[in-house]
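One structure is given below, encoded as structure tokens.
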Amino acid sequence: MAVVSWKEILLLTGLVVGCYWNSLSCGFVFDDVSAILDNKDLRPSTPLRNLFLNDFWGTPMAEERSHKSYRPLTVFTFRLNYLFSELSAASYHLFNVVLHGVVCVLFLRVCRLFLDKTSSLVAALLFAVHPIHTEAVTGVVGRAELLSSIFLLAAFLAYTKSTGADHSIVWAPIALTVVLVAAATLCKEQGITVVGICCVHEVFVAQGFTLPMLLDTLRQVLQGKDGFPYAVLQTLLKLIVLIISTLLLVIIRVQVIQSQLPVFTRFDNPAAVSPTPTRQLTFNYLLPVNAWLLLNPSELCCDWTMGTIPLVESLLDLRNLATLLFYSFLALLAYHSLRYRHSSAKTVIMALSLIVLPFIPASNLFFPVGFVVAERVLYVPSMGFCVLVAHGFKIVSHKGHLKKISWLMIGVLLTTHAVKTFNRNWDWESEYTLFTSALKVNKNNAKLWNNVGHALENQNNYAKALRFFLQATRVQPDDIGAHMNVGRTYKNLNKSKEAEDAYLVAKSLMPQVIPGKKYATRVAPNHLNVYINLANLIRANESRLEEADQLYRQAISMRPDFKQAYISRGELLLKMNKLTEARDAYLRALELDRTNADLWYNLAIVNIEMKDPSEALKNFNHALELNPRHKLALFNSALLMQESGEPKFWPEANRRFLTYVEEEPDDANGYFNLGMLAMDANENAAAERWMRKAIGLQAGFRSALFNLALLYSQSKREVDALPVLDELLRYHPEHIKGLILKGDILMNHKKDTRGAKICFERILRMDPTNVQGKHNLCVVYFEERDLPRAERCLEETLALAPNEEYVRRHLSIVRSKMAAMSAAGQPLTSSEGATVTAKEEKPKRVREGAEEVAQGEEEGRVAETVGKGAEDDKNVRKSSAESLEGVAVDQSESLDSSQSDKRTKE
């Protein structure tokens, strides 16, 4: 057996790089979004063990919506990519190109077992450039095929060394084969089929049996004429070991998926739910369709579901001739390879085993899968196809008069395939380019129209996206997801009436509940989100909240484990002030998923509304245990600690706010609350720094401006406070506390009674009943030596606040002063407006004012502190309603489109 030379490795590697270098500019498209962008198992914060508990898409295997695709080793490589480059798509594509190069080299090594040096190189070169591989190589999720193929080929090569020079069994290569088969299966399920390929090689190549020889041996044994020959016994022993190992792997695999098959619908695979003989005729017709893609990969399509291939519903359908022709050709090849012992027969039988056995799991012949045709599953079968082409080339090229023509044809074939592959890569550049290229091949697939709409929707081009969604409903009128997409797009275009009509059409297409029958077995579970989306739409109308609640309950009645319905209903019940029911809804959702940090967060919000801060803090902490970088939980738990007034909580609150601003460096509210904490701790320099940072990020930040001015006032820096108050009042001219503080500073520190008077008069124009503003204006009159006016002003203030002792005391002081001046014959008003001397007894405005400002400070600390995304006069958290607008509504709307209509998972 000739080994692979460095020149051949460089040739193959160069060819792979030449064909696929432009794939590095492609992004994450189609299934990549679910497998990479939306898959939490890639994140370092997710425990590594989750890779072995969840499916390929990050869904727990125990959940009914799981696609049961168990490929932890493939996901592990995604996680390595994320570790080095996070979500930089180029690194993921580069890794795939490298893996494809490795497969090509291993395939060349395998070909050397059946073909001569030249023919095996032709097979490897054809495999390297075949356009059918673009989905497996350029699509990031195709890595499952690449990794599985590497272990599959390595397992086969290991097994070929299990026979010693004296025809004895060498067990070490067999043990290595079993390990590599397990690894291939953990990359993708079809990896286990290499055991069948090893069995075929052992019987028909290594031992040189033919089918007639096997039948003759079996007949003699059954007739008792002779026992099994020693060679046969050796072969049986090796095959038994392989088969037992395979059965163990199958048993483990069945246990992992908990003996449940994934749920697929007629939209994923229409033939799977069709009656006999339509189902059988269609599935058998798909075999020549796949063969044609290998022979003529000129029209490739990323999605072959729905109406791409119409059902074969009659024996008279002409397409049955293609099926008949395919089976005839396959039978002819099998007959040739099983009847004879020469090298050509061995080459053909191995080529057929590479084509047929790895394709069986995806063939739909033994169990339905979630697709009609998928180009990436042809990655391994194409190896057998390339061997057949190279073997045919070998036969033809040995005929002298056809030698030049055969070389010319191979050259043209390799060149055209390489060019097609290179150009096909550009189709995978973005979702828009991918799905528009697919529409050129097939316009009868509603999913393609939907997906072009999604691509436009991601660009916020809703008007154009709507046209594609509407076309999807025309191509497939009963496509629930398409009508949901129309409804969502109308909603984005602020056309609520049209959106509601579209959702109602989708709802009318849902099957009726059948007692005792699982709902998810008849439609995609994500289609239930039509109830969520419709409810989320109509609850904007306060008069229709009960109607929205009824929709949530209807969804729950269809699927008691529908977590999203509980989440959305909990948010609605909170809005309806049904706090106990909201809490119960979230607790029910947590029974279904205790690892959801958002659920713990929303439950904490309900606890706050129920005036149970200790329970709220406990649930915030649960959320942070699951996701230490949960931004809203960090912010609101820190805010809760800050509001508790207990200094023991302040260091942890400060740490959480600091973590929050690391996550949201442009959110002024985080810095503002750090400033408030620093004020609590009397760390004035830090408080000033944080407040300045908040104001720099958000011009006119009312609460930050007021509290910074308050900080300056407390720190005896009244001069610094005035420009801050001026900025506050420029943005918020009706800010009463700011006017009170400015007036107090002007009067008591700048001795500017005129400026102070303007401030207090502005307050009274806005609010004539404002006791503090009225009282302070009275003090201004006293400062101006207008005692009668000060007396009248204080009398009016006392009428507004008869229980305020300081107003009564100040009125008494003014009246005493007036009496004393009258007795001395002095005028009660001063035309010059001079202020009283320090020795004169006057109303204690400075001290009372200070007390009032101190009280205002406390009001400011409570009333002016703002929460996430809010800037009114009290602490406002990110409410559960705001949170679920992103967790429940938007997610449910993406589910109805992204998962049921956008990505097909094997």
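Every condition in (1) part of a helix (DSSP H, G or I); (2) in contact with a helix residue (DSSP H, G or I) (Cβ under 9 Å, 6 or more places away or on another chain) holds for ALA819 except the one numbered (2). Residues in region 618-628 that are open to solvent by 10 Å² or more (accessible area, probe 1.4 Å) and either of a type in the set (Phe, Trp, Tyr) or out of contact with any helix residue (DSSP H, G or I) (no Cβ under 6 Å at 6 or more places or on another chain) (or both): LYS618, ASN621, GLU625, PRO628.
Out of all the residues in region 2-32, which are outside any helix (DSSP H, G or I) and over 23 Å from LEU126 (Cβ atoms)? Result: CYS26, GLY27, PHE28, VAL29, PHE30. Tell me, please, whether a residue that is in a helix (DSSP H, G or I) and open to solvent by less than 10 Å² (accessible area, probe 1.4 Å) can be found in region 204-215. No, the conditions are met nowhere in region 204-215. Please name all residue pairs, on different chains or six or more residues apart, with Cβ atoms under 6 Å, provided the first residue is in region 473-484 and is open to solvent by less than 10 Å² (accessible area, probe 1.4 Å) and the second residue is part of a loop (DSSP other than H, G, I, E, B). Going by the 6 Å Cβ cut-off, the qualifying pairs are ILE480/LEU509. Figure legend. Inter-residue proximity from region 610-633: first residues touching a residue at least 40 places away in the same chain (Cβ under 8 Å), second residues among the acidic types (Asp, Glu) and open to solvent by 60 Å² or more (accessible area, probe 1.4 Å), beta-carbon distance below 6 Å, spacing 6+ or different chains. Indicated pairs: ARG629/GLU663.
Applying the condition of being over 19 Å from ALA158 (Cβ atoms) and surrounded by 12 or more Cβ atoms within 10 Å (Cβ to Cβ) to region 217-235 and asking which residue is modelled with the lowest pLDDT yields PHE228. Of the residues making up region 703-718, just one is touching a Phe, Trp or Tyr at 6+ places or on another chain (Cβ under 7 Å) and touching a residue at least 60 places away in the same chain (Cβ under 8 Å), namely SER703.
Among the residues of region 428-445, the one identified as closer than 18 Å to PRO310 by Cα, crowded, with 24+ Cβ neighbours inside 10 Å and in contact with a Gly (Cβ under 7 Å, 6 or more places away or on another chain) is ASN445.
Please list, ordered by first then second residue, the pairs with beta carbon atoms under 7 Å, 6 or more apart or interchain, first in region 792-816 and free of Cβ contacts under 8 Å to residues at least 40 places away in the same chain, second surrounded by 14 or more Cβ atoms within 10 Å (Cβ to Cβ) and hydroxyl-bearing (Ser, Thr, Tyr). That search, which allows pairs on different chains as well, returns CYS793/TYR781; VAL807/THR797.
Determine if region 53-61 includes at least one residue that is farther than 21 Å from GLN564 by Cβ, touching a residue at least 12 places away in the same chain (Cβ under 8 Å) and of a type in the set (S, T, N, Q). No: region 53-61 contains no residue that is farther than 21 Å from GLN564 by Cβ, touching a residue at least 12 places away in the same chain (Cβ under 8 Å) and of a type in the set (S, T, N, Q). Among the conditions (1) at pLDDT 90 or above; (2) more than 24 Å from VAL181 (Cα to Cα); (3) out of contact with any Ser or Thr (no Cβ under 8 Å at 6 or more places or on another chain), VAL75 misses just one, which is (2). Where helices (runs of 4 or more DSSP H) fall entirely within region 306-425, those with at least 2 residues that are surrounded by fewer than 17 Cβ atoms within 10 Å (Cβ to Cβ) and at pLDDT 95 or above are at 319-339. Once region 749-773 is narrowed to residues that are in a helix (DSSP H, G or I) and over 22 Å from GLU718 (Cα atoms), the residue that is most open to solvent (accessible area, probe 1.4 Å) is ARG765.
Confirm whether VAL98 is open to solvent by 10 Å² or more (accessible area, probe 1.4 Å), without any contact (Cβ under 8 Å) to a residue 24 or more places away in the chain and over 28 Å from THR595 (Cβ atoms). Considered against the rule, which asks whether it is open to solvent by 10 Å² or more (accessible area, probe 1.4 Å), without any contact (Cβ under 8 Å) to a residue 24 or more places away in the chain and over 28 Å from THR595 (Cβ atoms), VAL98 comes out as yes.
Only one residue in LEU466, LEU448, LEU456 is closer than 20 Å to ASP427 by Cβ and surrounded by fewer than 24 Cβ atoms within 10 Å (Cβ to Cβ). Which one?
LEU456
Pairs are defined by a Cβ separation below 9 Å, a sequence spacing of at least 6 or placement on different chains, a first member in region 669-693 that is within 13 Å of GLN714 (Cα to Cα), and a second member that is basic (Lys, Arg) and modelled with pLDDT under 95; the pairs so defined are MET679/ARG861; ASP680/ARG861.
The values are calculated or read from the model by the stated rules, or taken from the named source; none is laboratory data. All of these numbers come straight from a predicted model, not from anything done at the bench. Note that we place each Cβ from the backbone using ideal geometry, even for glycine, and neighbour counts take in every protein chain shown. Surface accessibility is based on the protein's heavy atoms, side chains included, excluding ligands, DNA and RNA. Shrake-Rupley method; radii C 1.70, N 1.55, O 1.52, S 1.80 Å.
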